[in-house]
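Let me begin by presenting the structure, written as structure tokens, before commenting on it.
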6 protein chains.
Amino acid sequence: MQSHQPDYFTTYTHLKLSRDEKGVLVAEFHNNGGPYIMNAAGHTEFVDAFNRIGQDRDNKIVIMTGASGSFIGDVDWATFGDVTDPIIWSRIHDEGLQVLENICNIRVPVIAAIEGKAHIHSDYALIASVIVAAETATFEDVGHFAVGVTPGDGIFTTWSYRAGPGRAEAFLLNPHPLPAQKAHEWGVVAEVVPHGKALTRARELANLYLKAPEVTRRNVRIHFIQPLKERIIKEVGYGLSLEGASSLDLAKSKRSKK
Amino acid sequence: MQSHQPDYFTTYTHLKLSRDEKGVLVAEFHNNGGPYIMNAAGHTEFVDAFNRIGQDRDNKIVIMTGASGSFIGDVDWATFGDVTDPIIWSRIHDEGLQVLENICNIRVPVIAAIEGKAHIHSDYALIASVIVAAETATFEDVGHFAVGVTPGDGIFTTWSYRAGPGRAEAFLLNPHPLPAQKAHEWGVVAEVVPHGKALTRARELANLYLKAPEVTRRNVRIHFIQPLKERIIKEVGYGLSLEGASSLDLAKSKRSKK
Amino acid sequence: MQSHQPDYFTTYTHLKLSRDEKGVLVAEFHNNGGPYIMNAAGHTEFVDAFNRIGQDRDNKIVIMTGASGSFIGDVDWATFGDVTDPIIWSRIHDEGLQVLENICNIRVPVIAAIEGKAHIHSDYALIASVIVAAETATFEDVGHFAVGVTPGDGIFTTWSYRAGPGRAEAFLLNPHPLPAQKAHEWGVVAEVVPHGKALTRARELANLYLKAPEVTRRNVRIHFIQPLKERIIKEVGYGLSLEGASSLDLAKSKRSKK
Amino acid sequence: MQSHQPDYFTTYTHLKLSRDEKGVLVAEFHNNGGPYIMNAAGHTEFVDAFNRIGQDRDNKIVIMTGASGSFIGDVDWATFGDVTDPIIWSRIHDEGLQVLENICNIRVPVIAAIEGKAHIHSDYALIASVIVAAETATFEDVGHFAVGVTPGDGIFTTWSYRAGPGRAEAFLLNPHPLPAQKAHEWGVVAEVVPHGKALTRARELANLYLKAPEVTRRNVRIHFIQPLKERIIKEVGYGLSLEGASSLDLAKSKRSKK
Amino acid sequence: MQSHQPDYFTTYTHLKLSRDEKGVLVAEFHNNGGPYIMNAAGHTEFVDAFNRIGQDRDNKIVIMTGASGSFIGDVDWATFGDVTDPIIWSRIHDEGLQVLENICNIRVPVIAAIEGKAHIHSDYALIASVIVAAETATFEDVGHFAVGVTPGDGIFTTWSYRAGPGRAEAFLLNPHPLPAQKAHEWGVVAEVVPHGKALTRARELANLYLKAPEVTRRNVRIHFIQPLKERIIKEVGYGLSLEGASSLDLAKSKRSKK
Amino acid sequence: MQSHQPDYFTTYTHLKLSRDEKGVLVAEFHNNGGPYIMNAAGHTEFVDAFNRIGQDRDNKIVIMTGASGSFIGDVDWATFGDVTDPIIWSRIHDEGLQVLENICNIRVPVIAAIEGKAHIHSDYALIASVIVAAETATFEDVGHFAVGVTPGDGIFTTWSYRAGPGRAEAFLLNPHPLPAQKAHEWGVVAEVVPHGKALTRARELANLYLKAPEVTRRNVRIHFIQPLKERIIKEVGYGLSLEGASSLDLAKSKRSKK
């Protein structure tokens, strides 16, 4: 049915897109095919990528995953440039909120398949309807409080929504790797599978969901994501502004220490 | 005190009502005294029944339960008629939201006593303040995604509210029986009791709650139910509309397969 | 830096305040240095105390704890006077909401260190970002339904927020001591530590958080507390009004029994 | 079509119901056919009446009006009994919110036709989609601040919603008759008509709306009322509790003056 | 600065895009350069167009206007195909909400310049920060209740937000042309200008706003649009579903009349 | 009754406090008794002042006004120091939100009496229940967009709430003096009085409101302010963060122009 491949499939440097004949799209974060480390180029292109994915009605199910046994392992803050420049932070603010809205607006079931480290932007995964994680996968936030920055980009909103606020606050204030099994006990991960099997299981679930007719599949996503979408829209813009001011103070305090 | 029995007690075919001298009302879903299978007649009359129950200030505590070792085991969609007729779906939409509002508006503590299958409209039970379930009881949603329909009638809103959204989404997209003990671990079921003892324990709790004076009992319910009531009113009307469109597509896809 | 001690440190009879050289403030509920039993004098002065704590930018981290191996063990309702007098309840209503808002408005990380009984106003502790509890600590609400009063003062809102509403409703309708470990499983308590070690561990966490720069620390609190602050402001005023009417009925029913 | 008259049409002492062959229901507040003065009996029966009206799918349009050239002119507080009795106020609270919810849940267009005084519970009229008022009609709230009671029963919520909060606050704190023309300028009244012509014009609008098919008519009401319904559910329960405490203080202050 | 013209400028059949050297983008609805009549092709492409406009940080101010002395004068429902097909309505639903979100997400000041008829999707204009209208311009909704369909696509949400709900409900239930001056009195139109001068005045305002620095301009839009964006996201998806069911009933009632 | 004057009456440099024997407190913004120009010292002390005013139950009515025929005429941004320092902006952010919350939490009717220029922080006045303005008074926002800064500190939230968002957006994007009469037509000003008579009329209203008993007076304020308080708490923190980033960009663009 989707024999031709849309042009946006080959547009992105850090998101590999492929779709099978049934319409199951796999979106894979990567860097030259290897594990992805968050960078500014990806931050910008994911906004467009998830928008295009969401608008393309040939996508029947979307699976989000990483490459080479990792989800997103770390962040390369340096690529973002001088985050104390208000123009640069304004871009981060706008993209940071928009990418989450665009994932919310993928109006078919979204499954996250997690191997290895989901240590940056695990919030992307938590906007999926269902998370399948390998038993060896771990969750952490290495990009915020651990380096002196307020975790305001959606990481709190999504973890608070799925794990409960008590767990989310402690998890973000004192970052340590959280095993997949623990994330399952917290209600965040739906299924824990053997190492290396996350994507396989996600494909099985996708095939199961495909039994439902088109509008059923679209509407179940619309219904389920609405409360989280509303929270993201209420909380994350402000969160990113608070994070921006925090980055400014971090830079200032580093300068003053020199 | 309530020696006379109000006339609405004998009005409903699928809800048996009885009240003891202390004002503990037991509302029992049934079909000719046996296990209840959801049908259109019940869907309509429960709207009125729960409204009357809520307005009758002689009801001091309300226990909701099923008959013959079941809560609600399945749904007989055929009784609802042609759900692709917009007039018929309009009725389902209106009743479907109104019945949940009416359970919310029972302004005394509501206890659900679950034996056997709570496989349809377990959302009714999740609007209770406290759920007591037999160890053999199971929860599932056999009437929506399993048969190709969007679960939009309150089942997501209530499970998301009480079990957390991560669990609710996976539970509804891939329906399997959830044992009472698991539902207890998820925070949905307050107490797991031996097989056949759910109603007995519910009555014990009712007697305990009766020690509080009238306004205390009424106001605790008002206070506790408010956040869920607000979510139901925000989410379920839209959910039912999404479910209606989904049913239409299901019917169309069935026709096209023939 | 904070060599001088602000005058408000010595203002309160039931809240002992001390601050180390790094700006970690310890606020300790007590009665003459011993375990604190909630009373009207404390209810009034905590409003001012937490406001002053929140406004004082020399407080870098706030730890809330009790004295002599207890958090708050009970309430002395008699000190509140005639709660059926609408003027007196109006004061309780206003103070009761304001104190919670003022704790929310402490714009640095707040840690609760719990030993012994958190049997009254554990909601104060649940507004902290992180709760550290001794393994021997217990949570309960002995001041509301157990004595015939609607639990409307924030106890439901905070427990519902952190433990989930199903657990909160059962917990408050049938009060029993909840061990710290259970509260940990529910996601309320972040860390369970040996008996007598709660404050020590809270100080360790405080020192960890102090590594983040000023604005990061302030903004993380602002971001994390926002959803709970909004719920408190939406729910607790009404809750306190419902509790007031309940108290009135309790008094009336006691008179009528005489 | 609706040749037979449902039994609830003749149930209410203070609400006369009649329906034409097209399904336009006219609900008329009255006292023995004359102008209605709000009393406890009406307060109770309107809850049931508007629920029945809303559930009856043979009602295609609902017109709410008064009798003998008045809407509701005053209130007879004495009929409500001892409002300082918490049980009695509990009933007023529950009914007061429920009646507004029930008017919101009339899922066909509702038109208010106002002649003379809408000086009590004009909030009933403001839940209509459209208000037609005679040029001689006036709006006021004579039952709250004018007699020393907090206007918490929906009068502020509805006026704030339709006239804006600045106007509503001043209107309720310093009650004076507001002419229909002024209410029109404020956006509250849709059409001002000659004296005695409000019902006539309401019937014309009803006939216009009847051109739309059933589901269109039902769904336009559902869509339009949702924001006000949500505000009522958020605000009016608390408002009524605040009004109850206010009544208690009024009674106390009257006693102390004696 | 923006000497090169981005490729999306020439992508759309019904939206002409041009930008001056200061970054003021004019987006003009049209049909072959003449007045635009809403059609399915435009409905689809506006989603993408406003997204691209919003993401392009070279747009410093956005002016939305129509062509040949009209804004959008009517709708050609026939181009949308069989709106009773659930797949087709699903597309209308998804596009209908997404286009409004995308206009909200244009994070620079948006000005609407209205000449002639804004008789379809005036909600697009009401998401602008400021509306300038020619004295001869009129507002109306000719595509919903006037033809038997529920106005659920944002037209109520935006008019209720800017004109107040009382006016919006009457305006949509009994559609008539509303002169620009009246819309100004209602607070919807900021400035009324002579016939043919709307775009000229919009450009003057744009130049005025350009005096503010980049982040100021972006952030003022973000701040001002947030409450309306939240309302749109809460209300319009449901509204469109209600409208879809209404369309189905309209088609059915037309068939039954034949 | 309040023969003694509380100590906080003499604490503030820019807010003169006086109270008559009936408990009517007049709070007067001033600078050495003359017209007040907003400065950093006032910004800080008003937080404490309005908190103290709100907590003091001897205040029965609060009137907020200016001195020497002005409300607040301008702002002296220089006194705030280097607003690009994140620590300094953090203070402005925290104070800016807290002062509005504290005015909301004055739980007795608040009346604003406006003479002359309300050109800075007219949001303070718009949190009053009722505004009385001299016919010569004018409203404007000279401190934000006019000088290149995002108006995020509550000025939009309050004007949008009381005047409607369409008027508020245009008013703030293109600042000009708005006469009191126009603000009256917009629903913001309750009463326009002759030049010099605002305070006199405010006192008359205060005496009128004093006829209501204590709890009635307190509860009417609690009920009326709740929706605005919720909006302030949802919107203004973010708004101030957006304003902070805007100030940073303004400073940067000024530097780059040199």
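With contacts defined as alpha carbon pairs under 8 Å and 6 or more residues apart, what's the relative contact order of the stretch E:5-51 in percent?
Answer for the stretch E:5-51 is 33 percent.
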What are the semi-axes of the equivalent ellipsoid of the stretch C:60-153, taken as the square roots of 5 times the eigenvalues of the Cα gyration tensor, listed largest first and rounded to whole Å?
25, 18, 10
For C:LEU240, what accessible area in Å² do you get when you roll a 1.4 Å probe over the heavy atoms of the protein chains, rounding to the nearest 10?
0 Å²
If you fit an axis through the alpha-carbon atoms of helix D:214-257 and take the longest principal axis of the Cα set of chain D, what angle between them do you get, 0 to 90°, nearest 10?
20 degrees
Rounded to the nearest 10 Å², the accessible area of F:VAL147 using a 1.4 Å probe with every protein chain kept is 60 Å²
The set of residues whose placed amide H lies less than 5 Å from the amide H of D:ASN31, leaving out same-chain residues fewer than 5 positions away, is D:TYR36
Averaged over its residues, how many other protein chain Cβ atoms are within 10 Å of peptide B:15-27's Cβ atoms?
0
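Over chain A, consider all pairs of different Cα atoms and compute the Kirkwood hydrodynamic radius from their mean reciprocal separation; express it in Å, one decimal.
18.4 Å
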Note: the stretch A:86-214, point scatterers on Cα, Debye, no solvent; log10 I/I(0) at q = 0.15 Å⁻¹ equals -0.73
With a 1.4 Å probe and every protein chain left in place, tell me how much accessible area F:VAL142 has, in Å² to the nearest 10.
40 Å²
Which of rounded, prolate or oblate describes the stretch B:1-134 when judged by the alpha-carbon gyration tensor and an a/c cut-off of 1.5?
prolate
The stretch B:52-73 versus the stretch E:167-210: alpha-carbon centroid distance in Å
56 Å
Let's test the formula: R0 of 30 Å, r as the Cβ-Cβ distance of B:ILE88 and E:THR10. What FRET efficiency results, to the nearest 0.05?
0.05
How many Å³ per residue does the convex hull of the Cα positions in the stretch F:192-258 occupy?
154 Å³
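Taking the alpha carbon gyration tensor of the stretch E:164-225, what are the square roots of 5 times its eigenvalues, largest first, to the nearest whole Å?
Gyration-tensor ellipsoid for the stretch E:164-225: 29, 18, 7 Å.
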Search the structure for amide H atoms under 5 Å from the amide H of A:VAL130, placed 1.01 Å from N in the peptide plane, and list their residues when 5 or more places away or on another chain.
A:VAL110, A:ALA112
Semi-axes of the protein assembly as shown's equivalent ellipsoid from the Cα gyration tensor, sqrt of 5 times each eigenvalue, largest first, rounded to whole Å?
40, 40, 39
Computed [θ] at 222 nm, deg cm²/dmol, chain B (DSSP H ≥ 4; -39,500 (n - 2.57); rounded to nearest 500):
-15000 deg cm²/dmol
Karplus couplings for the stretch E:7-23 from phi (6.51 cos²θ - 1.76 cosθ + 1.60, θ = phi - 60°), rounded to Hz, Gly and Pro as x?
5, 5, 4, 10, 8, 9, 6, 10, 9, 8, 10, 8, 9, 7, 5, 8, x
Kirkwood-type radius of the stretch A:122-177, with distances r between different C-alpha atoms, in Å:
11.6 Å
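In Å² (nearest 100), what accessible area is buried between D and F, both sides summed, heavy protein atoms only, 1.4 Å probe?
Approximately 2200 Å² gets buried when D meets F.
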With all protein chains present and a 1.4 Å probe, the order of F:ASP82, E:ASP20 from largest accessible area down is F:ASP82, E:ASP20
Can you flag which of C:LYS60/C:LYS234; B:LYS22/B:LYS117; F:LYS16/F:LYS229; A:LYS60/E:LYS234; A:LYS258/F:LYS252; A:LYS229/E:LYS229 are past 18 Å Cα-Cα?
C:LYS60/C:LYS234; B:LYS22/B:LYS117; F:LYS16/F:LYS229; A:LYS60/E:LYS234; A:LYS258/F:LYS252
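Evaluate the relative contact order of the stretch F:150-211 (contact order divided by residue number), counting alpha-carbon pairs under 8 angstrom at least 6 apart; express in whole percent.
23 percent
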Delta accessible area of at least 30 Å² on complex formation, residues of the stretch D:42-70, 1.4 Å probe, chain isolated as reference:
D:ASN51, D:GLN55, D:ARG57
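Tell me the relative contact order for chain B as a rounded percent, counting alpha carbon contacts under 8 Å between residues six or more apart.
In percent, rounded to a whole number, it is 19.
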Suppose we keep just the DSSP beta bridges with both residues in chain F; what percent of those would be antiparallel, to 5?
30 percent
So in the protein assembly as shown, what percent of DSSP beta bridges are antiparallel if you round to the nearest 5?
25 percent
Using Stokes-Einstein with the Kirkwood hydrodynamic radius over Cα pairs, what translational diffusion coefficient do you get for the stretch D:40-92 at 4 °C and a viscosity of 1.567 mPa s, in µm²/s rounded to a whole number?
96 µm²/s
For B:LYS254, counting only aspartates and glutamates whose alpha-carbon sits under 13 Å away and dropping same-chain residues fewer than eight positions off, the answer is A:GLU214
What angle, in degrees between 0 and 90 and rounded to the nearest 10, separates the Cα long axis of helix B:198-209 from the longest principal axis of the Cα atoms of chain B?
50 degrees
How far is it, in nm, from the label point at F:VAL142 to the one at D:ALA251 when both lie 7 Å from their Cα along the line to the Cβ?
5.5 nm
Counting heavy atoms of the protein chains only and a 1.4 Å probe, report the per residue accessible area for the stretch B:175-233 as a whole number of Å².
36 Å²
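The values are calculated or read from the model by the stated rules, or taken from the named source; none is laboratory data. Here the structure is a predicted model, which is why all the values come from computation and not from measurement. So basically every Cβ, Gly included, is an ideal-geometry build from the backbone, and we count neighbours across all protein chains shown. Calculation scope for accessible area: heavy atoms of the full protein, side chains included, ligands and nucleic acids excluded. Shrake-Rupley method; radii C 1.70, N 1.55, O 1.52, S 1.80 Å.
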